[in-house]
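This report concerns only the one structure given below.
The values are calculated or read from the model by the stated rules, or taken from the named source; none is laboratory data. On a predicted model such as this, the values are computed, not experimentally measured, just so you know. Backbone-built Cβ (ideal geometry, glycine too); neighbour counts: all protein chains shown. What goes into the accessible areas is simple: the full protein's heavy atoms, side chains included, and nothing from ligands, DNA or RNA. Shrake-Rupley method; radii C 1.70, N 1.55, O 1.52, S 1.80 Å.
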Amino acid sequence: MNAVREARLSLIRERLPLYEDAKRLEHTVGVYKECQWLAKKFGLSEEDSYTVCAAALLHDIAKNLSHGQALEICERYGVQPPAVPAVMHQYTGAFLAREVFGEEIVTDAVCSAILCHTTGKVGMTVTDKMLFVADFTEAGRKYRSCRDIREYLHSECEKINKNEKTALSRLLNDTVKRIVGFTVTYLIEKGKPIDADMILTWNEIVSEN
Ligand SMILES: [Fe+2]
Ligand SMILES: [Fe+2]
């Protein structure tokens, strides 16, 4: 990666402890490493590698905000607070990240990945999908479902050459599908609400296959 992009990522890493405690930072670094690995395995361009790495570092930046602070950001940007509180931080995170670091560092593509990292969305880009996946498969996630999907992704990835773009894209889509499928089932079993974007993501994935 060129020096400017490296410097931008370093700046984010330096300032991140102002927004995240040690435990969250550990998760964030895990997502960052998973994204770096995916970017390499998928042979992403330098620009896309930057996008996914910057988005990984910033994706949970707003998770420690109080509900009041989060509502205040939503109001400032004219965003309807989501019906499912757990997904609030994907919206507030994108806005906060851009406020703190500016649009050169937090590009539209970086914002896009942060904005759907919890729910997914219709028409996700490759970098959106990678952050969505890495948030679930990073090494620090110890749940059985995370371990199983991480193992699946990593072992399948090792079998594919980085020039086999169709096979890689199919693997990424399949991993998104497994994560969405698991999450929707889990939420139903627990009697918890499901964000509408996650349902739309599911419908899109199953109609593609
Ligand atoms: Fe998150
Ligand atoms: Fe996260």
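On the basis of being in contact with a Gly (Cβ under 8 Å, 6 or more places away or on another chain) and in contact (Cβ under 8 Å) with a residue 60 or more places away in the chain, does Glu104 make the cut? So Glu104 does not fit the description; no.
Counting just the residues of the range 80-120 that are open to solvent by 50 Å² or more (accessible area, probe 1.4 Å) and within 16 Å of ligand 2 (Cβ to nearest atom), which one comes out modelled with the highest pLDDT? It comes out as Leu115.
So that you can scan it fast, the table gives a plain yes or no per residue for (1) free of Cβ contacts under 8 Å to residues at least 12 places away in the same chain; (2) among the charged types (D, E, K, R):
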| site | (1), (2) |
| --- | --- |
| Ala39 | no, no |
| Ser49 | no, no |
| Ala54 | no, no |
| Lys63 | no, yes |
| Gln80 | yes, no |
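Taking the range 1-80 and the helices (runs of 4 or more DSSP H) fully enclosed by it, the elements with 3 or more residues that are within 16 Å of ligand 1 (Cβ to nearest atom) and among the aliphatic types (A, V, I, L, M) are at 22-41, 46-58.
Does the range 153-165 contain any residue that is more than 16 Å from ligand 2 (Cβ to nearest atom), closer than 14 Å to Lys41 by Cβ, open to solvent by 20 Å² or more (accessible area, probe 1.4 Å) and among the hydroxyl-bearing types (Ser, Thr, Tyr)?
Scanning the range 153-165 turns up at least one residue that is more than 16 Å from ligand 2 (Cβ to nearest atom), closer than 14 Å to Lys41 by Cβ, open to solvent by 20 Å² or more (accessible area, probe 1.4 Å) and among the hydroxyl-bearing types (Ser, Thr, Tyr).
May I ask you to verify whether Ala139 is more than 14 Å from ligand 1 (Cβ to nearest atom), among the small types (Gly, Ala, Ser) and assigned to a loop (DSSP other than H, G, I, E, B)? Judged against the criteria, Ala139 is a match.
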